[in-house]
Each structure stands twice: as structure tokens, then as C-alpha cells.
């Protein structure tokens with residue numbers, strides 16, 4: 001029995017990809033964080049003004065703070081890997097039984113409506129700035145200068161307001177978890193709506209990353225649920 005419990009502990013606490021160094025969060029965040037910080041520091045101020053219409057605020061102090069933050073994060077991930085992640089946690093209930101579905105549903109609905117609120121503000125500001133259906137059709141028809149006007153004149157972001165649209169990422173994650181474990185009937189149309197808005201945003205505002213970040217966040221959920229439940233597919237949870 002002791003051997004069986006040991007094998008069960010090992011199955012729960014050790015993942016097959018735990019030894020892949022380039023998947024370690026410390027490596028991913030450390031390398032990307034340092035590269036982005038160094039690039040932001042070495043880019044001349046003229047590039048900031050010409051391409052992003054903003055002064056360069058990223059000075060040596062900002063670089064030092066960024067490197068310090070990266071170092072703290074990497075240190076924390078290494079510490080957790082060697083001391084916390086290797087503790088023998090006994091196998092327990094399946095992931096679908098451990099999740100508080102009332103809380104999960106609440107966060108899914110809250111992030112969905114906050115995302116819609118962000119897009120509503122964005123559309124309202126665009127109309128207030130003079131964007132019309134004709135201007136939108138010019139963008140879709142790839143008229144010269146139409147996309148530039150749409151992005152920089154009509155669809156310029158408002159800090160803390162249009163940023164609410166980023167709750168779409170959380171919506172996709174929560175929705176994928178609910179869909180994989182409890183079925184897609186209650187969430188699929190909300191996810192399709194979020195993807196549709198992101199698609200329009202990608203076409204009109206030239207933000208292809210708006211789509212990439214949604215699918216990137218959603219695609220990892222089934223794999224992670226499969227890992228936690230010892231299966232390769234989460235479909236057995238769907239009802």
C-alpha cells in the first residue's frame with residue numbers, strides 16, 4: 001500500500017514536462033522580460049515620437065526597476081520549483097469537484113460584461129470623434145489612409161476605460177474551464193461574441209494580437225485540465 005501511495009504522490013506532483021527548461025516560467029519571463037526592457041531602453045527617443053507619438057519615459061531607472069522585478073520573479077519561481085512544488089501532496093478529488101462553480105460562473109459573467117462595457121465605451125468614443133459607417137467601410141475596403149485615421153483619430157484608446165476590453169482574455173479562460181468541465185451550452189455564445197468583437201477590432205484597428213491573445217489563452221485550458229485529471233482530453237467532463 002505504501003508503494004501505491006508513493007506512486008500516486010509521484011503522479012500528482014510530477015509533470016512529464018517539468019524538466020523542460022524552456023517551459024519553466026522563470027525562463028520564459030526572465031528572457032522575455034530582459035529582452036523587452038533592454039529594447040525599450042536602447043530604442044532612441046525619436047523612434048518613440050515618430051512611431052508611437054509619445055516621449056520616451058523608459059530611462060535607466062526604469063530599466064533597473066524592470067531588471068529587479070524580473071530577478072525577483074525568477075527567484076520566486078526557482079524557489080517554488082525546488083521547495084514547494086516537490087512537496088508530496090496526496091491525490092484528491094478531480095478538478096471538476098474541487099472548483100467552486102458558483103464563483104467560477106460569477107467571474108465568467110463579470111469578465112464578460114466588463115469586456116462588453118469596454119467595447120461599448122470604445123465604440124461610443126469613436127462615434128463622438130466623428131467615425132461614421134462610411135469611414136468603417138473605407139477601412140474594410142483598404143482605402144488609402146483610412147486605417148491610419150481609424151486607429152489614431154477615431155479608435156485611440158482611453159486609459160483605464162477602453163482597457164476593459166482586455167477582460168475578454170479572462171472571459172475566454174473562465175469560459176473554457178466551464179465548457180470543458182460542465183458543457184458549452186451556457187457559455188459558447190458569449191465566447192463567440194467576444195471573438196467576433198476581437199475580429200472586428202483586428203480588422204478595423206489593425207490589432208491582430210487582439211485575436212491571438214484570446215485563442216492563446218483559451219487553447220491552453222483543455223490541455224491543463226487534462227493534465228490535472230490524468231487524461232489527455234477534457235471531453236469526458238462535458239455534459
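Which ones in segment 74-107 are surrounded by 11 or more Cβ atoms within 10 Å (Cβ to Cβ), in a helix (DSSP H, G or I), modelled with pLDDT of 65 or more and under 22 Å from the mean Cα position of the chain (by Cα)?
Listed by number, the residues that qualify are 74, 76, 77, 101, 104, 105, 106, 107.
Take residue 52 and tell me if it is in the same structural domain as residue 163 (by TED's automatic domain parsing) and at pLDDT 75 or above.
The answer is no for residue 52.
Which one of 179, 168, 183 is at positive phi, in contact (Cβ under 8 Å) with a residue 12 or more places away in the chain and in the same structural domain as residue 117 (by TED's automatic domain parsing)?
One residue alone meets the criteria, 183.
Restricting to segment 157-190, name every residue that is out of contact with any helix residue (DSSP H, G or I) (no Cβ under 8 Å at 6 or more places or on another chain) and within 30 Å of residue 129 (Cα to Cα).
159, 160
One residue is enough: does segment 154-163 have a residue meeting the conditions within 30 Å of residue 101 (Cβ to Cβ) and either surrounded by 19 or more Cβ atoms within 10 Å (Cβ to Cβ) or modelled with pLDDT of 75 or more (or both)?
Checked against the condition, which is being within 30 Å of residue 101 (Cβ to Cβ) and either surrounded by 19 or more Cβ atoms within 10 Å (Cβ to Cβ) or modelled with pLDDT of 75 or more (or both), segment 154-163 yields at least one hit.
How many of the residues making up segment 158-201 are in a helix (DSSP H, G or I), under 23 Å from residue 147 (Cβ atoms) and more than 18 Å from the chain's Cα centre (by Cα)?
Counting residues in segment 158-201 that are in a helix (DSSP H, G or I), under 23 Å from residue 147 (Cβ atoms) and more than 18 Å from the chain's Cα centre (by Cα) gives 1.
The values are calculated or read from the model by the stated rules, or taken from the named source; none is laboratory data. Keep in mind the model is a prediction, meaning the values are calculated, not measured. Cβ atoms come from the backbone with ideal geometry, glycine included; neighbour counts cover every protein chain shown.
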